[in-house]
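Here the structure comes first, spelled out in structure tokens, and everything after it is commentary.
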């Protein structure tokens with residue numbers, strides 16, 4: 001199966017990280033959570049998560065997809081030079097990236113959104129200069145998957161699973177957690 005990197009920075013949105021981590025692992029994907037500066041990372045609602053590694057130790061590894069959770073900590077992710085470099089290299093190599101809520105702003109800072117269709121949290125729409133914002137739960141544009149916020153975390157994760165493992169696996173995982181929502185993907 002595939003390998004996914006999920007960087008975690010102080011102030012990340014817990015649902016947008018933990019729900020996808022859980023579902024991607026259920027699908028059999030290798031998920032590496034990587035803390036920025038510390039392996040213990042406090043989310044925006046005070047939940048502390050122990051990351052698998054430090055970002056600095058794994059950022060140079062090869063991943064099939066890099067997934068960015070949103071939340072107030074997103075602004076900090078924008079300033080992590082090694083992550084910006086990794087995102088550019090990921091896309092240049094034809095590999096996938098995914099971002100939810102405010103995290104598409106990190107992709108924008110890396111210069112990866114020009115001409116792309118993206119979904120994001122409504123409050124950051126104006127920051128995605130050069131992108132076409134689509135107000136759907138999940139938007140897939142080639143090797144880029146984006147989503148709107150905490151409430152779309154499950155369909156976002158299922159879209160990543162479908163992208164990396166196939167639609168049948170995404171449907172299997174959805175059934176296993178009794179998810180019945182429409183997978184609204186544009």
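Could you run through segment 12-48 and say how many residues are over 22 Å from residue 145 (Cβ atoms) and in contact with a strand residue (DSSP E or B) (Cβ under 9 Å, 6 or more places away or on another chain)?
Counting residues in segment 12-48 that are over 22 Å from residue 145 (Cβ atoms) and in contact with a strand residue (DSSP E or B) (Cβ under 9 Å, 6 or more places away or on another chain) gives 8.
Out of the strands (runs of 3 or more DSSP E) lying entirely within segment 1-64, which hold 1 or more residues that are touching a residue at least 40 places away in the same chain (Cβ under 8 Å)?
Working: elements: 3-8, 30-35, 40-42, 48-50.
The strands (runs of 3 or more DSSP E) meeting that bar are 3-8, 48-50.
If you check residue 95 against the conditions, is it within 20 Å of residue 3 (Cβ to Cβ) and under 16 Å from the mean Cα position of the chain (by Cα)? First the steps, then the outcome.
On the way: within 20 Å of residue 3 (Cβ to Cβ): yes; under 16 Å from the mean Cα position of the chain (by Cα): yes.
Judged against the criteria, residue 95 is a match.
Any chance you could count how many residues in segment 89-107 are out of contact with any strand residue (DSSP E or B) (no Cβ under 6 Å at 6 or more places or on another chain) and within 15 Å of residue 76 (Cβ to Cβ)?
Number satisfying all stated conditions: 3.
Taking segment 55-68 as the region of interest, how many residues are under 16 Å from residue 79 (Cα atoms) and out of contact with any helix residue (DSSP H, G or I) (no Cβ under 6 Å at 6 or more places or on another chain)?
Step one: filter segment 55-68 for residues under 16 Å from residue 79 (Cα atoms), giving 55-56, 59, 68.
Of the ones still in play, those that are also out of contact with any helix residue (DSSP H, G or I) (no Cβ under 6 Å at 6 or more places or on another chain) are 55-56.
Residues that pass the stated criteria total 2.
Go through (1) under 15 Å from the mean Cα position of the chain (by Cα); (2) surrounded by 16 or more Cβ atoms within 10 Å (Cβ to Cβ); (3) over 16 Å from residue 100 (Cα atoms) one by one and return the number of the condition residue 30 breaks.
(2)
None of the figures in this text is laboratory data; all of them are computed from the coordinates on show. Worth saying up front: this structure is predicted, and the values here are computed from it rather than measured. Neighbour counts are summed over all protein chains in view; Cβ atoms, including those assigned to glycine, are modelled from backbone coordinates with ideal geometry.
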